[in-house]
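Okay, so here's the structure we're looking at.
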Amino acid sequence: MALGLLVNGKWMADREQEDKDGRFLRPSTTFRDWISSNGTGKYTAKRDRYHLYVSLACPWAHRTLIMRSLKGLTDSISISVVNPYMGDEGWSFEDAPGVVPDPIHNAQYLRAIYTAAEDTFTGRVTVPILWDKKTGTIVNNESREIIRMLDTKFESIAKPDVDLCPHRLRDKIDETIDAIYDPINNGVYRAGFATTQNAYEEAVTELFHTLDRWESVLEGQRYLCGNVLTEADICMFTTLIRFDPVYYVHFKCNLRHIFQYPNLWGYLRDIYQTPGVAETCDFDHIKQHYYRSHPKVNPFGVVPVGPKLDLEGDHGRDRFTS
């Protein structure tokens, strides 16, 4: 996995991300500030103040694009989109279909955004990035915290009738996001980037055990936390939508396809068909990124032409009270 590293502001095309037992290690995020909704603090919710740097291929960045769309913030928070291929120079803005250049720094590579915020930055260069145009720095690069801010801190300019983190469900939403993170969201990576058989089998067994559990839960309710769409569903969706096109083959998560799970497949279709979601999904970027950017997993970079998934079909989930 060509996930490079900045060390004191200098780029290193480092690829090692596993422990001594071959288990994939995800780097921690580093910018963790928050936006306020009441005008207090360094960062306040304002129209046209913030900019998102994203990849259409990345499930973590995809979360923020979905939330931005559902909350009606597409005209208030601008975006830049990186090239789907990530090579030894990391994420770039090299011209390609779907790429949106960086209007703030005119950067060639995403790492320039990190060094613009901190010229001696040390850490991984990842998406998403929430940039503050007023102070000229990164507010946050943790997807879970960014979607919470977009969901709860922009009330004055967001759609008033969209709340994906209602107060009565907040604890349950947080518990659910925690519960799906390691076995599912990160689990596909733990399987795909494992370098030993034991590490791979450990990850893939936990992944499908957890998918089986949620298949059972979704037998009796429309969404993960009941019958209302929440942030937890956005976090689950961005992994599930990539599962059959990428993770099943590329990451060897091949015990079952998602379309072989009646409830998870209907659930995936249901969210995909939610107004504002489908237009954030770019399967070309997704496949181009994964199959071309991981030479240890797919040495020749051949990108499959399929699969053809009927995401517009009847999801059957409206049988539950919404």
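The values are calculated or read from the model by the stated rules, or taken from the named source; none is laboratory data. Remember, it's a predicted structure, so these values are computed and weren't measured experimentally. Cβ coordinates were reconstructed from backbone atoms using ideal geometry, including for glycine residues, and neighbour counts include every protein chain displayed.
Observations, loosely collected:
- For segment 47-65, the condition of being free of Cβ contacts under 8 Å to residues at least 60 places away in the same chain and either over 23 Å from Pro295 (Cβ atoms) or of a type outside the set (S, T, N, Q) (or both) holds for none of the residues.
- Evaluation of Asp88 against (1) in contact with a helix residue (DSSP H, G or I) (Cβ under 8 Å, 6 or more places away or on another chain); (2) closer than 26 Å to Val188 by Cβ; (3) of a type in the set (D, E, K, R) (one fails), failing number: (1)
- Restricted to segment 70-82, and to residues there that are surrounded by fewer than 22 Cβ atoms within 10 Å (Cβ to Cβ) and free of Cβ contacts under 8 Å to residues at least 60 places away in the same chain, the residue that is farthest from Arg124 (Cα to Cα) is Asp75.
- Of the residues making up segment 279-310, those that are of a type outside the set (A, V, I, L, M, F, W, C), within 20 Å of Phe24 (Cβ to Cβ) and in contact (Cβ under 8 Å) with a residue 24 or more places away in the chain number 9.
- Meets criteria (in a loop (DSSP other than H, G, I, E, B) and within 20 Å of Pro307 (Cα to Cα)) for Arg269: no
- Within segment 57-88, being among the aliphatic types (A, V, I, L, M) and within 24 Å of Cys165 (Cβ to Cβ) holds for Ala61, Leu65, Ile66, Met67, Leu70, Leu73, Ile77, Ile79.
- Test: residue in segment 280-289 that is in a helix (DSSP H, G or I), surrounded by fewer than 19 Cβ atoms within 10 Å (Cβ to Cβ) and not aliphatic (A, V, I, L, M): yes
- Whichever residue in segment 290-322 is more than 18 Å from Leu240 (Cβ to Cβ) and part of a helix (DSSP H, G or I) and, among such residues, is farthest from the chain's Cα centre (by Cα): Arg319
- Across segment 27-69, the number of residues qualifying as crowded, with 17+ Cβ neighbours inside 10 Å and either assigned by TED's automatic domain parsing to the domain that holds Ile184 or outside any loop (DSSP other than H, G, I, E, B) (or both) comes to 16.
- Boolean, Asp102 is touching a Ser or Thr at 6+ places or on another chain (Cβ under 8 Å), at pLDDT 95 or above and of a type in the set (Asp, Glu): yes
- The set of residues in segment 154-172 that are buried (at least 18 other Cβ atoms within 10 Å of the Cβ) and of a type in the set (Gly, Ala, Ser) contains only Ala158.
- Contacts under 7 angstrom Cβ, first residue in segment 208-237 being farther than 23 Å from Cys165 by Cβ, partner in a strand (DSSP E or B) and at pLDDT below 95, 6 or more apart: none
- Only listed residue being free of Cβ contacts under 8 Å to residues at least 60 places away in the same chain and either surrounded by fewer than 22 Cβ atoms within 10 Å (Cβ to Cβ) or over 18 Å from Lys71 (Cβ atoms) (or both), chosen from Pro275, Pro245: Pro275
- When Glu215, Glu201, Glu206, Glu219 are screened for being assigned to a loop (DSSP other than H, G, I, E, B) and either under 23 Å from Tyr272 (Cα atoms) or not aromatic (Phe, Trp, Tyr) (or both), only Glu219 passes.
- The condition of being touching a strand residue (DSSP E or B) at 6+ places or on another chain (Cβ under 8 Å) and either assigned by TED's automatic domain parsing to the domain that holds Glu201 or of a type in the set (D, E, K, R) (or both) holds for only one of Asp284, Asp233, that being Asp233.
- Options Ile157, Ile104, Ile113, Ile184: the member that is among the β-branched types (Val, Ile, Thr), assigned to a helix (DSSP H, G or I) and under 21 Å from Thr44 (Cα atoms): Ile113
- Of the residues making up segment 129-153, those that are assigned to a loop (DSSP other than H, G, I, E, B) and surrounded by fewer than 23 Cβ atoms within 10 Å (Cβ to Cβ) number 6.
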